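Single-structure report; data block below.
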Amino acid sequence: MREIKNFLVCGGGMMGSAIAQILAGLDGAKVTVYDVFPVDIAAKVRGNMKLLVEKGIVTEADVDKIVSKISFTQDMKSEGVKSAELVVECVLEDMQMKQDLFAQLEEVVAEDTIFCTNTSVMSPTEISAKCKHKERLCGTHFWNPAFLIPLVEVVKTDATTEEVADTVMKVLTDAGKKPVLCKKDVPGFIANRMQHALWREAISIVERGIADAETVDDACKYSFGLRLPYLPPLVNSDMVGTQLTYNIHSYVLNDLEDRHDASPLLKEMIDGGKLGFRAEAVDGRREGFMSYTDEEIAAKNAGLNEYLIKMLYNK
Ligand SMILES: NC(=O)c1ccc[n+]([C@@H]2O[C@H](COP(=O)([O-])OP(=O)(O)OC[C@H]3O[C@@H](n4cnc5c(N)ncnc54)[C@H](O)[C@@H]3O)[C@@H](O)[C@H]2O)c1
């Protein structure tokens, strides 16, 4: 399999800076970040790694080494762009922008340079539409915060070669991630299909007056949510037995939410300004399914990385 050393990350925002950091962790890697606007990529990477240093998971020297392997350019014709063997695209979630960027890259990079798109929800097949060599493109769906969450969904289009998918899986494994192969280009890939099936039911339970929002979250947190990393759905189904799974589904699925559009409750909330953390504050509180002060919002946001580090590194 090909050894890849020269990486290009297009878009130096939240995801791009984290992905550059991950790739720079590979032995002998050189990472170029390309953006249309100036980006202080070193500052972003240092910011990402601050808590890891504080917790003693990496040292300042490790951070310096990662940062020294990343350079930044706004020039599409620069050496860092031209010499890229693998590109991860992290520009805005805009189909035309992504299509045009890959078409532009094809004019500059080698014929066998691998193209990856970090789109959240768009079809990698459609993103490859303006490429001459569609077989070189696949999805690599990282999860935020990408420098902590291990999963990356590698999404094959009908055109993606096995060799490209295998190489991308290997690079990501070597970089310490947990890549999984999504064999078909379907909306939501693998993990978001499951996540949003759960959210659809959670919202429906509130909408139908079965339980209030806080109770729904508690029911998740204090039961299957607690054991999910140990007992994910399919091994859990095996543990209770596929016969019992069949019997439960035969009884209960008929009553579960199966609507194919977004919930009217969500629309009602949006129209009423209940935008969650992004709502306008009224009397010091922002409303969504639940109600929050700014201090509670700041604590919830800051607490995520702490929580993930505890889970992943026991620190
Ligand atoms: N934020 C998330 O949680 C998340 C998770 C998974 C995937 N994604 C996807 O990753 C991509 C990037 O998301 P983000 O949150 O990092 O966005 P972001 O807004 O933080 O960063 C986007 C960057 O792209 C740059 N950019 C814009 N146009 C460009 C162009 N033509 N060429 C090069 N750079 C350009 C911007 O200047 C900016 O720095 C999106 O497709 C998004 O859907 C986001």
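Just so it is clear, none of the values below were taken in a lab; they were calculated from the coordinates. Because the structure is a prediction, the values reported are computed rather than measured. For neighbour counting, all protein chains shown are included, and Cβ atoms are generated from backbone atoms with ideal geometry for every residue, glycine included.
Things to note:
- GluC sites (Glu not before Pro) lying in DSSP loop within region 222-293, provided at most 16 other Cβ fall within 10 Å: E257, E280
- Anisotropy class of region 192-313 from Cα gyration tensor, a/c 1.5 cut: oblate
- Region 6-182: projected area of the alpha-carbon convex hull, averaged over directions, in nm²: 8.9
- With N as its number of residues, region 124-232 has a Cα radius of gyration that, divided by 2.2 N^0.38 Å, comes to 1.35.
- Straight-distance crosslink candidates among aspartates and glutamates, where the alpha carbon sits under 16 Å from K65 and sequence neighbours closer than 8 are dropped: D27
- Rounded to 0.05, the FRET efficiency of the I248 and K315 pair, given R0 = 22 Å and the Cβ-Cβ distance, is 0.05.
- Other-chain or far-sequence residues with amide H under 5 Å of C10's (modelled H): Y34, V88, E89, C90
- Distance from region 171-214 to region 1-26 (C-alpha centre basis), Å: 25
- FRET efficiency, M194 to R285 (Cβ-Cβ, R0 30 Å, nearest 0.05): 0.40
- With each label modelled as a point 7 angstrom along the Cα→C-beta vector, the K178-C220 pair spans 1.8 nm.
- For the cross-link pairs K178/K315; K221/K267; K77/K183; K98/K315; K156/K177, the ones whose C-alpha atoms lie over 29 Å apart are K77/K183; K98/K315.
- In region 186-294, trypsin sites (Lys or Arg not before Pro) in a DSSP loop with at most 11 other beta-carbon atoms within 10 Å: R208, R259
- The length gained on full extension between D62 and E162, counted as 0.36 nm times the residue separation minus their Cα-Cα distance, comes to 32.6 nm.
- Of all DSSP beta bridges confined to the chain, the antiparallel ones make up roughly 20%.
- Order by protection proxy (mean Cβ within 10 Å, highest first), peptides 37-49, 80-92, 55-67: 80-92, 37-49, 55-67
- q = 0.11 Å⁻¹: log10 I(q)/I(0) that the Debye formula gives for the chain, counting C-alpha atoms only: -0.83
- Amide H contacts of I114: L86, V87, each under 5 Å away and 5 or more positions distant or on a separate chain (H built 1.01 Å from N in the peptide plane; Pro and chain starts excluded).
- Whole-Hz couplings from phi, Karplus 6.51/-1.76/1.60, listed for region 304-315; x for Gly and Pro: 4, 5, 4, 4, 5, 5, 4, 5, 7, 10, 6, 10
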